[in-house]
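Participant: Sending over a structure as structure tokens; questions will come in a sec.
The values are calculated or read from the model by the stated rules, or taken from the named source; none is laboratory data. Bear in mind the structure is a predicted one, so any value in this text is a computation, not a measurement. Reconstructed Cβ throughout: ideal geometry from the backbone, glycine too, with neighbour counts over all protein chains shown.
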Amino acid sequence: MRLVVVSAGHAPASGTSRLGRLIAQEVVRQRPGTTAEHLEVRTIATELVAALTTGEDTVAVQQATRLVSAADALVLLTPTINASFSGLLKCFLDVLPRDALRGVPTLMGATGGTRRHTLVLDQSLRPMLASLRAVVLPSVLFVTSGEWQGQEPVPELGRRVEASSRELIRFLALSA
């Protein structure tokens, strides 16, 4: 299985990127033989804006599109920004071909300072992914900064990541 983790975190050490690494490790643990690849959207931000404004995809955007299009399963993560998903993620999703995610089991996750923003995934991101024909898992992961002890997840977050990873693997088996 080829797992692709797309993180729209704004910094290399963001909680969003950390969550992506944690999920990838758990999926690989539960399903040996899985390869996990990571796409940090912030690393192609300039190219995304150029693609949106000129209609021309750069090599970096083409590579990112191919990576995501070839995924067997996808984890899509975003920080919560102004009660919505990140503009970086929106830019990336806007340059994807319409059927790039067709049939791909997709786990959504978000990070934020408070649980008050938990619905951002279901109200904002789920419809966007539906328009791209992704198979979005029923469960989502919303993680606050208080769910980390330093760089390590609190036990409850570890259990939630384990359950979400198991669900993603099950959905992959159903879509095969």
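Participant: Which condition number does Arg102 fail, the rest of (1) closer than 30 Å to Ala50 by Cα; (2) of a type outside the set (Phe, Trp, Tyr); (3) surrounded by 14 or more Cβ atoms within 10 Å (Cβ to Cβ) being met?
Facilitator: Evaluating Arg102 over (1) closer than 30 Å to Ala50 by Cα; (2) of a type outside the set (Phe, Trp, Tyr); (3) surrounded by 14 or more Cβ atoms within 10 Å (Cβ to Cβ) leaves (3) as the failure.
Participant: Now for a different question. Tell me, please, whether a residue that is more than 14 Å from the chain's Cα centre (by Cα) and either crowded, with 21+ Cβ neighbours inside 10 Å or at pLDDT 95 or above (or both) can be found in region 66-82.
Facilitator: Narrowing region 66-82 to residues more than 14 Å from the chain's Cα centre (by Cα): 66, 70, 81-82.
If we keep only those that are either crowded, with 21+ Cβ neighbours inside 10 Å or at pLDDT 95 or above (or both) as well, we get 66, 70.
Within region 66-82 (the criterion being more than 14 Å from the chain's Cα centre (by Cα) and either crowded, with 21+ Cβ neighbours inside 10 Å or at pLDDT 95 or above (or both)), the answer is yes, since at least one residue qualifies.
Participant: Separate question: May I ask you to say which residue of Ala24, Ala13, Ala8, Ala73 is closer than 23 Å to Gly150 by Cα and in contact with a Pro (Cβ under 8 Å, 6 or more places away or on another chain)? Steps first, please.
Facilitator: Values: Ala24 fails: in contact with a Pro (Cβ under 8 Å, 6 or more places away or on another chain); Ala13 fails: in contact with a Pro (Cβ under 8 Å, 6 or more places away or on another chain); Ala73 fails: closer than 23 Å to Gly150 by Cα.
Just a single option satisfies the conditions, and that option is Ala8.
Participant: State which residue pairs qualify: first residue in contact (Cβ under 8 Å) with a residue 24 or more places away in the chain and inside region 69-80, second residue acidic (Asp, Glu) in any location, beta carbons under 9 Å apart, and separation of 6 or more residues or different chains.
Facilitator: Ser69/Asp99; Ala71/Glu37
Participant: Here is a follow-up. Return the only residue of Val143, Val135 being under 21 Å from Gly15 (Cβ atoms), in contact with a helix residue (DSSP H, G or I) (Cβ under 7 Å, 6 or more places away or on another chain) and aliphatic (A, V, I, L, M). Please lay out each step first, then the result.
Facilitator: On the way: Val135 fails: under 21 Å from Gly15 (Cβ atoms).
Checking each option against the conditions leaves just Val143.
Participant: Given the options Asp122, Asp99, name the one that is in contact (Cβ under 8 Å) with a residue 12 or more places away in the chain, among the acidic types (Asp, Glu) and part of a helix (DSSP H, G or I). Break it down into steps so the answer makes sense when it comes.
Facilitator: Details: Asp99 fails: part of a helix (DSSP H, G or I).
Criteria check complete, one pass: Asp122.
Participant: Follow-up question, since we're still on this one. Please determine, by comparing only the residues of region 6-52 that are of a type in the set (A, V, I, L, M, F, W, C), in a loop (DSSP other than H, G, I, E, B) and under 22 Å from Leu125 (Cα atoms), which one is modelled with the highest pLDDT. Write out each step before concluding.
Facilitator: Going residue by residue through region 6-52, those that are of a type in the set (A, V, I, L, M, F, W, C) are 6, 8, 11, 13, 19, 22-24, 27-28, 36, 39, 41, 44-45, 48-52.
With the extra rule that they be in a loop (DSSP other than H, G, I, E, B), the set shrinks to 8, 11, 13.
With under 22 Å from Leu125 (Cα atoms) added as a condition, the list becomes 8, 11.
Numbers: Ala8: 97, Ala11: 89.
The selected residue is Ala8.
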